[in-house]
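Please read the structure below before turning to the comments.
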Amino acid sequence: MSDQISRRGFLQTTMAGMVTAGAAGGLGEAATESAGAAATGGGVVAAESGKLAVLGGSPTRTAPFPSWPLLGDVEEKNLLEALRSRRWNRMEGGIVARFEKVWAEKLGVRDCLATSSGTSALACSVNALEIGPGDEVIVPPYTFVATINAVLMQHALPVFVDTDRETMQIDAKKIEAAITPRTRAILPVHLGGSAADLDTILEISRRKRVPVIEDACQSHLAEWRGRPVGTYGDLGCFSLQASKNLNSGEGGVVVGNDQKLIDICRSFHNQGRGQADTSFAYVRNGDNRRMTEFQGAILMAQLTRLDEQARLRDANAAHLTSLLRQIPGITPAKMYDGCTRNAWHLYMFRYDPTRFKGLPRARFLQALKAEGIPCGGGYSPLYREPFLENTLNSRAYKYVYTARQLADYRERLQCPENDRLCSEAVWFTQTMLLGTRQDMEQIAAAIVRIQQQAEDLIKG
């Protein structure tokens, strides 16, 4: 089995295997203490004795981590009110508009537009900047495919800038060299809840006069120098898909302080109608990217838990990092100095097999899962996936770009640091960080246990 699966597939698989700890709507105690795994004065965690589970022994952990989403009476109440209102479309109801107002106030931005998905938020944004055929957009290679699809839907070219392996974010110091006269936007991703190097990105943006669209789809409440990510660029986008820290099953948000750009996004997402217009009169190209009142109702309920959950993830991530840093061969993802708050949508680290007797990452992941710790290997090299080559070979792209232009573009598809990262990354989901301090210790104990028996794993 491949150790590289899609982020969304990994998240869905992980969540499906978990059950809610404690009362519905609460965070609760997720597990009972494992007999042989305990913190030793805040230092290295002792591993379980006996064989690893994958070798026939007992697992470090048998209790489930918290499930997702957490819900309670408020979700049911809000949904029933929306249902009974008979105003299920946002053009007739007012729930989505209330959510937009609350989210804009929470982030401190002038305006907010709710959309049907994070992908839709990105699509509205690239349309607002009039990105189209012949244009180039700077993107990271370590991201979910929606970032790239938003560019390809405009028949523009996504220009991949290599990854900073230590942070797993786009290497902002390499962006300027990738800018050409055709560059229409920079689209950094704040991956996993952390933040890309906004100081460097925004300085390049100002100097080169290239707009920035922040893909903050995984980074609700993350901050750069004390201010929420998504609020620095010309536009910022969030996802509200089922795995996200704030979710309504599907959904998205565009935020910004440029009223003209937000107005274009609003018109585009409403089939090109004028502002607040429900008639059959249209002022520009558009699509239906509207959020339903049901999604808005769920979000208003989920917002009541967002801050509490964020604080718990912060505390657990800090404890887990303090433990994992003591294990040779395990390197938690670094945060840039400007990242003053991580949203912890993912807990990411790099695995070095040389400190585990040469144990391949695939075998490490298999053993860790068997110990009761859900995990995944993260993204594969996105720019090597067949969807990109198939798009370049499409009739539309061959019509827009010459054979020479497409050949030159293919030659630029070189991201060696990203390729290396894709072979060494390990992910935990945000739901695992909603457990207890003891849960974090069991995660570390399981890794120590694998390291201690790495030679047996290789032989087995």
Where labels lie 7 Å past Cα in the beta-carbon direction, separation of Ala362 and Ala97 in nm: 5.6
Beta bridge orientation in the range 73-299: antiparallel %, DSSP, nearest 5: 55
Cα-based convex hull volume of the range 73-299 per residue, rounded to whole Å³: 113
Label-point gap, in nm, between Asn288 and Leu83 - each point 7 angstrom along Cα→Cβ: 2.3
Projected label distance in nm at Thr304 and Ala318, using a 7 Å step from Cα toward the beta-carbon: 2.8
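Using r as the Cβ-Cβ distance of Phe387 and Arg209, and R0 as 35 Å, what FRET efficiency do you calculate, to the nearest 0.05?
Step by step, r from the Cβ atoms, then E = 0.65.
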Those Cys residues of the chain for which no other cysteine Cβ falls under 4.7 Å: Cys112, Cys217, Cys237, Cys339, Cys375, Cys415, Cys422
Protection proxy ranking, peptides 249-257, 171-179, 336-344, 235-243, average beta carbon neighbours within 10 Å, highest first: 235-243, 249-257, 336-344, 171-179
Rounded tilt (10° steps) of 118-128 against the dominant C-alpha axis of the chain: 30
Angle between the chain longest axis and helix 95-107 axis [Cα atoms, degrees, rounded to 10]: 70
Over 25 Å between alpha carbons, listed pairs Lys208/Lys398; Lys174/Lys244; Lys101/Lys208; Lys244/Lys369; Lys208/Lys334; Lys174/Lys398: Lys208/Lys398; Lys174/Lys244; Lys101/Lys208; Lys208/Lys334; Lys174/Lys398
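State, as an integer percentage, the relative contact order of the range 73-299 based on alpha-carbon contacts under 8 Å between residues 6 or more apart.
26
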Per-residue [θ]222 nm for the chain (sum of -39500 (n - 2.57) over DSSP H runs n ≥ 4, rounded to 500): -11500 deg cm²/dmol
Sequence-distant residues sharing a close amide H with Gly376 (under 5 Å, placed H): Trp427
For the range 148-184 versus the range 188-259, the gap between their alpha-carbon centres in whole angstrom: 15
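When only Cα pairs under 8 Å and 6 or more residues apart are kept, what is the percent relative contact order across the range 168-266?
That works out to 20 percent.
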On Cα atoms only, tilt of 198-208 relative to the major axis of the chain in degrees: 30
Contact order normalised by residue count of the chain, Cα under 8 Å, 6+ apart, percent: 24
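Every number here is computed from the coordinates shown, using simple stated rules; none is lab data. Since we're looking at a predicted model, the values are computed, not measured. With ideal geometry, Cβ positions are generated from the backbone for all residues, glycine too; neighbour counts draw on all protein chains shown.
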